[in-house]
Every structure is written in C-alpha cells, then in structure tokens.
There are 2 protein chains.
Amino acid sequence: MIKVRLMQKVMESNDAVAAENARKLRDAAVFSVDMMSAPGSGKTTILERTLDALIPALTIGVIQGDVDTTRDAERVQARGAQTVQINTGGACHLDAPAVAGALEDLDLDALDLLVIENVGNLICPTGFALGAHERVMVLSVTEGADKPEKYPAMFRSCSLALVNKTDLLPVLGLDLEAFAEEIARVNPDMQILPVSALTGEGMEDWYQWLRDRMAEGQ
Amino acid sequence: MIKVRLMQKVMESNDAVAAENARKLRDAAVFSVDMMSAPGSGKTTILERTLDALIPALTIGVIQGDVDTTRDAERVQARGAQTVQINTGGACHLDAPAVAGALEDLDLDALDLLVIENVGNLICPTGFALGAHERVMVLSVTEGADKPEKYPAMFRSCSLALVNKTDLLPVLGLDLEAFAEEIARVNPDMQILPVSALTGEGMEDWYQWLRDRMAEGQ
C-alpha cells in the first residue's frame, strides 16, 4: 500500500515552508534531491536503477509527485524505497507545503537520501522551492538540443543535468557536444552527466555524484 | 521579422474570449487547430513538414506560443506561413486573450488554416480553451506508453493524437499497439495517427485529416 496525499491549496508562503523542510532534512541528516524533467524523459527509470544500485548500502526515501496515478510510486516502492505519493489533483508542480506533509509520513531518521520526483513539466516546478539540497534535471536526448534555450528558468535553477537515453544518440545522429554547448550557453555552471538508464552507461557517475554530495552535506 | 506579442495578465473570462476567437475564425472561414504536447515531442518539426506539404495549395497562419525565444517561430516563418509569436513571459500555456491579440496581427481573410502551437506542456494548456476548432496532441513514442494514464486531462481534451517518431519504435522495442491501447483506455474516441516527421511515414494521413476537417468545417 502506497501512502497517497492529496495536494491542498494553501495560503502559507511556499518559501517559508521550503526553508522549514530544508531545516528538518538537515537536522535528520537526510540529503535530498528535487528531480525535474519533461514528461517521458526517463526520470522514473533512472530512479529505479538508482534504488537498485544504492539500496541496501543506503536507506532511501522517495516522494513521488504525480497528477493522477500511483503508477510511478508503485514502480519505486517495489525497489525497497520508503515511498509517499503526492497526488497534485491536476496541479502542474509540487509545492513546499505538500512536501512538508509527505515528510511527516517518512521515517526521516532512518533515511540517508530522499529523492523528490517532481511532476513532469519543464516550466511550473521551477518557481516552487521544496527545500531539497539540490535540484537535478533529466533531459532526454530525444527532446532535442534546443531545450535549454526554450526553458531557461529550469536549466538555470538546477545544478546538474542528467542527459539521458544516450544509447539513442547514434540513431538520432546527434552528439553530446550539441547538448553540452546549448546547456552551457544558458547555465555555464551546470554540471552535465550523460547517462543511459537502459544500458547503465554513465550511471555510476551519477551514483558517485550523489555519494560525493552526501559526504559534503554531512 | 517575426511579430512578437507579450502575453498579459488579463481579468477577462478566458472562455468568453475563446468563444469570440472561434466566431472570428468561423466568420473568416479559417479552420484552426490547437497543437499541444510535451517538450521535445517534435511538434515544430511536424509543423514544418506540414507547411512544406500544404503551402502554396493552402494559405496557412501559425501562432507560436513560447516561453522565451522566437526559435520555433523563425523555423516556421521560413516555410512561408504568416507567423505571430506569443511570448508567454514564463507562463506555462497560451490563453484566449493572447490568441485574440495575435489574431489581430494575422490577415484572417487570406488564410485557409491556422495552427496554434501551444507551449510544450502536458498539463496547463488543457484548462485554457483558445477558440480553435480542434485540439490535436503530439505524443512521441520515446515518452513511453504510460503517458495517457499520467496526463488524462490532456488526452481527453484532444480529438486526435499524432504518435510521432515511429521510426524509433524498432530501436525502442515498442509497438504501436501499446500506445493505442493506453490511449483508448483514457479516451476511446481519440483518433490516432502514427507518424514520423523525420521519414515522412504517415504524414499524408495527417494532411488528409486536415483537408477532411477543413472540408467539413466550410
């Protein structure tokens, strides 16, 4: 059974609640990541592989934001993560109060890492801090290299881009450089890790990025 | 030079303005389509091919919704379409008043067909009628077959799904039936046309759909 929370319209300031979430996570020594992307970028598949690779060495919680279904939450819970689903009831992004509610359903003291999988959307989630230590985005190579310029706020708000589905690059006739250049133009500080959640290529670099950031965060 | 309009926050009822847009388009005998999709589905490439195939037999206008750039508008204007860009200023969807403004910049009496390319987003555009005759969505096969269940409002609001990038189906190990079944579960009345904007496969069916609907609409 997956715990499902309905997102409520609230009047509290999102930023104040996000700061409170951040404090709670820091106090419990839980490193947290807000993962964002367009629909179909492979976010959930990356998350599944990550859970397979890091559990049981790490204890991991997942807050799953979804418009309408528990489909993704079921996929990650099957991997042994503490899972809470936030049903946004049609809303196009998570917000800090919804995450604050979900944090109450998790045993934070038992967790090393919390991944918040945001709603698939390259625009709306950007404006709502959740309190996570880092914002990471997933960009599928099938989306084309013009996305940074078209969705600049998203690319500027994240510290890391996982450029996924690299196994399809030869078929698409694209190379990684095209993506790296377009990303650098919009956010020169953004770190880029090419990955294929399908073949596993590059995924170890992502796991190491998480381990490094967790080590720094303690 | 592409005409660029900034989207304003307005207090008018979106639906009333959408009805007014619909009346204006009907009076000028312009058949109109609101195209929606996730980022990177290939909407603009489909549009480019469509303009190449149908101009000059038809006179076509394009209203291009984009968060921040004129990149897509430049692509379609180069194809000989009357083009107006709506810069949403970060907003995640077009609305009817923005489209009403753009209609003023088009020579409607000269147009046979108007394509409104909405902002790349599977959630927010659904709630804002623009006044177009038909809503069409593009779903790339790379996004996976679970999207109808995850974004049901979008799939229910459209009459046609162009399932794009079918050239990648063998590489992905997927077949069209998986997509058709998932779509039918959410919207049994939705028509599905598999296309590859890259190879041109299936595109003639889409052009014929447009011609048929235009003939009905007159």
By my count, helices (runs of 4 or more DSSP H) wholly in segment A:62-166 with at least 2 residues that are closer than 20 Å to A:GLU181 by Cβ are A:147-150, A:152-157
I'd like the residue in segment A:128-144 that is within 11 Å of chain B (Cβ to nearest Cβ), of a type outside the set (Ser, Thr, Tyr) and touching a strand residue (DSSP E or B) at 6+ places or on another chain (Cβ under 9 Å) and, out of all such residues, is surrounded by the fewest Cβ atoms within 10 Å (Cβ to Cβ). A:VAL141
Restricting attention to segment A:148-157, does a residue exist that is closer than 30 Å to B:ILE86 by Cβ, under 13 Å from the mean Cα position of the chain (by Cα) and surrounded by fewer than 20 Cβ atoms within 10 Å (Cβ to Cβ)? yes
Looking only at segment A:23-44, and only at residues there that are away from every other protein chain (no Cβ under 11 Å) and small (Gly, Ala, Ser), the one that is surrounded by the most Cβ atoms within 10 Å (Cβ to Cβ): A:SER32
Going by the conditions given, is B:ASP95 surrounded by fewer than 24 Cβ atoms within 10 Å (Cβ to Cβ) and not basic (Lys, Arg)? no
State yes or no: is B:GLU117 closer than 26 Å to B:LEU172 by Cβ, crowded, with 18+ Cβ neighbours inside 10 Å and either hydrophobic (A, V, I, L, M, F, W, C) or touching a strand residue (DSSP E or B) at 6+ places or on another chain (Cβ under 6 Å) (or both)? yes
Qualifying position, being among the aliphatic types (A, V, I, L, M), in contact (Cβ under 8 Å) with a residue 40 or more places away in the chain and closer than 25 Å to B:LEU139 by Cα, among A:ILE63, A:ILE123, A:ILE46: A:ILE46
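Quickly run through segment B:79-102 and pick out the residues that are away from chain A (no Cβ under 12 Å) and either without any contact (Cβ under 8 Å) to a residue 24 or more places away in the chain or among the basic types (Lys, Arg) (or both). So that I can check it myself, show each step before the final result.
Narrowing segment B:79-102 to residues away from chain A (no Cβ under 12 Å): B:79-86, B:94-102.
Matches in segment B:79-102: B:ARG79 only.
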Taking only segment B:180-201 into account, find how many residues are of a type outside the set (A, V, I, L, M) and within 13 Å of B:THR166 (Cα to Cα). 5
If B:LEU130 satisfies every condition in (1) closer than 21 Å to B:GLY40 by Cα; (2) at pLDDT 95 or above; (3) of a type in the set (A, V, I, L, M, F, W, C) but one, which is the exception? (1)
Top-ranked residue of segment B:110-127 - restricted to ones that are of a type in the set (Gly, Ala, Ser) and over 11 Å from the mean Cα position of the chain (by Cα), ranked as nearest to the other protein chains (Cβ to nearest Cβ): B:GLY127
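Look through B:PRO194, B:PRO170, B:PRO148 and report the one residue that is within 12 Å of another protein chain (Cβ to nearest Cβ) and under 22 Å from B:ASN118 (Cβ atoms). First the steps, then the outcome.
On the way: B:PRO194 fails: within 12 Å of another protein chain (Cβ to nearest Cβ); B:PRO170 fails: under 22 Å from B:ASN118 (Cβ atoms).
Residue meeting the stated conditions: B:PRO148.
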Matching residues, segment B:161-184, being acidic (Asp, Glu) and within 23 Å of the chain's Cα centre (by Cα): B:ASP167, B:GLU181, B:GLU182
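Within segment B:34-43, identify whether any single residue is part of a helix (DSSP H, G or I) and within 16 Å of the chain's Cα centre (by Cα), and answer yes or no. I'd like the intermediate steps shown before the answer.
Let us first name the residues in segment B:34-43 that are part of a helix (DSSP H, G or I), namely B:43.
From the residues that got through so far, the ones that are within 16 Å of the chain's Cα centre (by Cα) too are B:43.
Yes, segment B:34-43 has at least one match.
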Taking segment A:48-78 as the region of interest, how many residues are away from chain B (no Cβ under 13 Å), touching a helix residue (DSSP H, G or I) at 6+ places or on another chain (Cβ under 9 Å) and of a type in the set (A, V, I, L, M)? 9
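Which of the residues spanning segment B:167-184 are closer than 24 Å to B:ARG49 by Cβ and either of a type in the set (Ser, Thr, Tyr) or part of a helix (DSSP H, G or I) (or both)?
Narrowing segment B:167-184 to residues closer than 24 Å to B:ARG49 by Cβ: B:167-172, B:174-176, B:179-180, B:183.
Matches in segment B:167-184: B:ASP167, B:LEU168, B:LEU169, B:PRO170, B:VAL171, B:LEU172, B:LEU176, B:PHE179, B:ALA180, B:ILE183.
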Failed item in (1) farther than 30 Å from A:VAL84 by Cβ; (2) modelled with pLDDT of 95 or more; (3) within 14 Å of another protein chain (Cβ to nearest Cβ), with A:ALA180 passing the rest: (3)
Take the residues of segment A:185-202 that are under 18 Å from A:ALA53 (Cα atoms) and within 15 Å of the chain's Cα centre (by Cα): which is surrounded by the most Cβ atoms within 10 Å (Cβ to Cβ)? A:ALA197
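The values are calculated or read from the model by the stated rules, or taken from the named source; none is laboratory data. Source: prediction; values computed, not measured. Every residue, glycine among them, receives a Cβ derived from its backbone with ideal geometry; neighbour counts consider all protein chains shown.
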